[in-house]
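The values are calculated or read from the model by the stated rules, or taken from the named source; none is laboratory data. Quick caveat: nothing in here was measured; it's all calculated off a predicted structure. All Cβ positions, even for glycine, are placed from backbone atoms using ideal geometry, and neighbour counts span all protein chains on display. With ligands, DNA and RNA removed, areas are computed over all heavy atoms of the protein, side chains included. Shrake-Rupley method; radii C 1.70, N 1.55, O 1.52, S 1.80 Å.
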Amino acid sequence: MATMSTASTANAMDKPQSTPVTSPMTEPGRSVLLWSASPLPPLPPPPAAVALVDGTTPPPPPRQVTYDQEPGAVLHFDMYRSMARSAVDTHPTEDDDMADLGGAIKYIHTEMLTEHYADPLRTTRKYGIDVLTRKRYKIKNTEALLKSPQQAMGEFGQFVTYDWGQATNPGQYAMFKDYGDFVGLQQGCGADMQCDVRWPSSVPYSWFSVGNWCPNLPWDKKGSKGAPNAGCLKGPDGNMVEGGLCPNGFDPINFIPTTEPTGTPGCVYSYGKSMVVDLDAMVGMTAEDCAGGVKCRDWLHFRHNCTDPKLRRMFLPTGEITNVDYCVEFDIHPKCDACQTAGCQALLKSGQEAYLGLPYWHGRCDPLANARRTEQAAAAFGIPGALNNHITVDPDLVATGADCPRSKGTSWACAPEIAGMAGPMCSREFNGACQPCFVPGTVQGPDPPPMPYCPLNIFTKGPYTDRLDFPIPKCKTNKASDGCCLYSNTCDGESDPNSASLDDDGYALVAARSNSNDMEVFLRRAAGGTVAAQAVSNTEAMRWAGYFGWENGPATRTLAQVLEETAVLAKTSSPPVIVTSQVQVVQIDNKCFELAVSWQPLDMPMMVGTTQGSAKACQEQCAGTDGCRHFSFWQSPGIASGLCHLHDISATVVEGSVGYTSGPNKCWEDIDDTSNLIDKGHKTYVSSDYACMDWGTLYEPALPGGTRMIPQGDGTNEQAIAQCQTWCVANFACEHFSISFPSRMCTLAGAGASIMVNQISTISGRAKCDEKDKQAFYRLFLDSPSLPSGHGRVSGVSMAVALVVGISFASLAVVKVFRTGSHSCRRTGVSGAASSASSRGLWPSVPIALVSVGSPTASEDSEVGRALISRHQDF
């Protein structure tokens, strides 16, 4: 019988604090996580075998247990979202959808990056996303929900899809009436790991919904919680559904929130300050060389200036590869839009290129690659055990989590119907929730069992240590490759990597030790005479092959497959894991302040900078000054005080302002009524009437007679903006208005006018902001048309534009807009560039723009054209 040993106590990869070293095969500028070899630790003695249920003798009767969820414990849980850095923590997270880490990476990969579906003129990732955020939640759903058929995974409610803060499925309104507030969950991979056809994964991922405040109305129709819309949905007590975010439920100071949810209506969750990772750094973009002998700074700098010719390629819709004049983050062969199609599988087996762009994103159709991508993101967030022990969930969350509710007989059961069956059991190790899992190769089945397979330690934790209620399943065989006997330590064969059999059973036994050093020793022995024979001389490749060779559950690959990957690792020019990003907690002097940001002009008219002791004091001065919207505080290192500058509504943001701290006159949480406010970016809190307006832009030429100066005494600057827009509405030929300060010169422009960017103290917009404009700042993500067919009629103008793009893409400054859809300003990098063409049916979706050569810095440093999604962002 078995002489298998459990995992060694010292893991060669289990050194999170080790210093990365550079391998000879590492490309310049890339930091690869490696460790020096260490001696093999002594093999520990095998533990005592756990008695199995005798198949010929009835098992002992189970004790009486309660299988329903027992409310009481507060669930600590991490949720993730990709978003624009400027929007982090600007608004409460309510009536929103989130994801676990795998779900967030999947969303970026499938929804935002595919080049042959994207607008080549864009100046940001889709929706302006440049960071990945992690929030720590405390969750306690109501007892009524958790004891109802509407519960999910024992601790959650049903997932709610929100659009503009409104639940999109009216069929769920009855659920809100019955159960009020809850945090919902939906698995991204269904039964037996049936995931999105574009993103298979060996590890399950999930989506989450939070909020439920007045869920039947969009954000701009809800009113405020103090004065809600009379049409807001009522809960079981007859009162308005308040939403699950507890009073003071957002902790702007601490990552772990201090407010404890009570599990009563109006208080089922709280969350803390976001932890943020720079997406450009995480995917290796800032490790790429850009023109001028520098590393790429960000997405736009990479887009225009990367020097690697392999990154200047994309797929045509026909599947051919074409060279382009810009750099591509990721593209996938059109045949692999769905990974399991015969065309995609044939392409992958042929060895042809299926992926282009940065190596981080390659292998989208490979379940293991997607799981590893998620683990690399976990390492960027500093989660202990990531890239050491295949951990993507903070171990503290797993260790302190309550036992999973058994809920026997329900769709989310964590206890088998019959003792000794393969499952379901549940584990928090996948994403922190109670994920059902199974043991393969059991006598009582089901056969084959659904995936995912349980961690090998499942019977050593929580209620699963009770052999009366949870006897270890009897196995069909004692072969390690069948998986079952690994859970009871009763497999035939040796697990010592120096003597284990060089076959699938020996591989499975060594993999069950969960030790990278042991697996490397075994693979060096097994590589002789195989495709991996040449890999043994490559230290880096073997080190990573040792790590990737084991999983936290039973091995799901054959030895031949592992050796094939080992050979690939030895041949690749890119290291399998690149760790260049550093975790950044968004927490500075105050919750809404920004570092290295200032506003121009430097002072309001007739004012000069004053001396203040801190940025907070400068903000207080701004709050007490009529017309002040932002402050800029400059302080020299080591000096106790600094200069405070105040700015009105016309000021333009300037990023990269070293030594400055800036912010609004009041942080969002300190504003009494935010029901009709939006954030135009960089904490510019204004009425939703400004939704279609943009700062720093000017339309010209002016219409004949289309200039007028609004006298200084004729109202505030805000009122002057409204007057200028009203004049545009009254002029039939007017499509856009612009107003410049401090002169208050109002200019009207017609269809086809050019838009000039980087115009200090100038605001422009359309004649009228419609509902779509306003709601775009409230909703989860912007409607954004894409370039594939079916989105509009292409004219000869668009063909000419395509030619110009190839010539002048490297620098953007002046953009002439011919026809645009109502939201094109958030897609092309041209703000406020909407016309009535869309309403006339001339160009319903695709923006057409002519790009002219100008100053490179103008486009790269300008905030104009960024997707200023402020209220909420995508996963």
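The set of residues in segment 754-766 that are open to solvent by 10 Å² or more (accessible area, probe 1.4 Å) and either in contact (Cβ under 8 Å) with a residue 60 or more places away in the chain or of a type in the set (D, E, K, R) (or both) comprises Ser754, Val757, Asn758, Gln759, Ile760, Arg766. Number of residues in segment 412-432 that are polar (S, T, N, Q) and open to solvent by 30 Å² or more (accessible area, probe 1.4 Å): the value is 0. One residue alone among Ser481, Ser501, Ser411, Ser407 is more than 30 Å from Ile139 (Cβ to Cβ), assigned to a loop (DSSP other than H, G, I, E, B) and either at pLDDT below 95 or not hydrophobic (A, V, I, L, M, F, W, C) (or both), and that residue is Ser501.
Of the residues making up segment 727-740, those that are closer than 18 Å to Ser650 by Cβ and open to solvent by 20 Å² or more (accessible area, probe 1.4 Å) are Trp727, Ser740. Scanning segment 318-365 for residues that are of a type in the set (A, V, I, L, M) and in contact (Cβ under 8 Å) with a residue 40 or more places away in the chain returns Val324, Val328, Ile332, Ala338, Leu356, Leu358. Restricting segment 295-352 to residues that are among the basic types (Lys, Arg) and open to solvent by 40 Å² or more (accessible area, probe 1.4 Å), the residue that is farthest from Arg198 (Cα to Cα) is Lys295. Here segment 656-688 is the region considered, the condition is being among the charged types (D, E, K, R) and more than 18 Å from Ile763 (Cα to Cα), and the residue that is most open to solvent (accessible area, probe 1.4 Å) is Asp672. Going by what's in this entry, would Ile649 be described as open to solvent by less than 10 Å² (accessible area, probe 1.4 Å), among the hydrophobic types (A, V, I, L, M, F, W, C) and either assigned to a loop (DSSP other than H, G, I, E, B) or at pLDDT below 90 (or both)? So Ile649 fits the description; yes. Exactly one residue out of Tyr127, Tyr117 is open to solvent by 10 Å² or more (accessible area, probe 1.4 Å), at pLDDT 90 or above and of a type in the set (Phe, Trp, Tyr), and it is Tyr117. When the residues of segment 99-154 are filtered to those that are in a strand (DSSP E or B) and in contact with a Pro (Cβ under 8 Å, 6 or more places away or on another chain), the one that is farthest from Ala379 (Cα to Cα) is Ile139.
Restricting segment 591-606 to residues that are surrounded by fewer than 17 Cβ atoms within 10 Å (Cβ to Cβ) and at pLDDT below 85, the residue that is farthest from Pro742 (Cα to Cα) is Leu595. Restricting segment 356-401 to residues that are touching a strand residue (DSSP E or B) at 6+ places or on another chain (Cβ under 6 Å) and surrounded by fewer than 20 Cβ atoms within 10 Å (Cβ to Cβ), the residue that is farthest from Val276 (Cα to Cα) is His362. Of the residues making up segment 139-195, those that are within 19 Å of Pro436 (Cα to Cα), among the hydrophobic types (A, V, I, L, M, F, W, C) and open to solvent by 20 Å² or more (accessible area, probe 1.4 Å) number 4. Looking across segment 712-726, just one residue is open to solvent by 40 Å² or more (accessible area, probe 1.4 Å) and touching a strand residue (DSSP E or B) at 6+ places or on another chain (Cβ under 8 Å), and that is Gln723.
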